[in-house]
1. What's the angle, to the nearest 10 degrees (0 to 90), between helix 16-29's Cα axis and the longest principal axis of the chain?
2. How much net charge surrounds residue 65 when only other residues with a Cβ under 11 Å from its Cβ are counted (Lys, Arg +1; Asp, Glu -1)?
3. Taking the Cα atoms only, what angle lies between the long axis of helix 53-74 and the longest principal axis of the chain, rounded to 10 degrees?
4. From the Cα gyration tensor of the chain, with a ≥ b ≥ c the square roots of its eigenvalues, which class applies: rounded if a/c is under 1.5, or else prolate if a/b is larger than b/c, or else oblate?
5. Please list, by residue number, every one of the GluC sites (Glu not before Pro) in segment 12-54 that is coil in DSSP and has at most 15 other beta-carbon atoms within 10 Å.
Amino acid sequence: MSSSIPLFDKLNSNNYNTWNGDMEAWFRAQALWRIVSGVSKPSTVSATPKEGEEDKLEAWQLKADKAAGIMWLIDNTQRVHFRGIKDDPLKMWVRFARSATPFCCGLLRVVWRL
C-alpha cells in the first residue's frame, strides 16, 4: 500500500467530479475511505477499558490522522478551508466539496452544514 500523495490533477473549480472520484478511489486503495466518508466511527472506550478497546481506538485515530494529513498535503491552496478542522478528515472532505462546488442548490447547503 503506497503512502505517497496522489498524482492526478489538483482540485479546481472545473474538475470537482473527476477529482472527487479519483480521490475516493485513492483513499479506498489506502484503506482510508471509510474514515474520510464517515462510515467508520471511532471506537468507544469504557470507563474501565476492556481488552482491545484502546488498541482499536488508537488504530482508528492513526488512520484518521493519516487521512487528514494527506488532505492537508494535497494542495496548499486548499488549506485555508481547514481552519479548526484539520483533525477531522470527514469535515475536511466536506470542505473540499464546498470549496469547489457552487452553492446553487438549497439541498446541498443543508447536507453540507457541519
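Where a number appears in this text, it was derived from the coordinates with a stated rule and is not lab data. The structure presented is a predicted model; accordingly, all values stated were derived computationally and were not measured. In this analysis, Cβ positions are derived from the backbone assuming ideal geometry, glycine residues included, and neighbour counts consider all displayed protein chains.
1. 20 degrees
2. That sum, taken over residues with Cβ under 11 Å, equals 0.
3. Approximately 20 degrees, to the nearest 10.
4. Prolate shape, in that a/c is at least 1.5 and a/b is the bigger ratio.
5. For GluC sites (Glu not before Pro) across segment 12-54 that sit outside H, G, I, E and B with at most 15 neighbouring Cβ atoms in 10 Å, the list reads 51.
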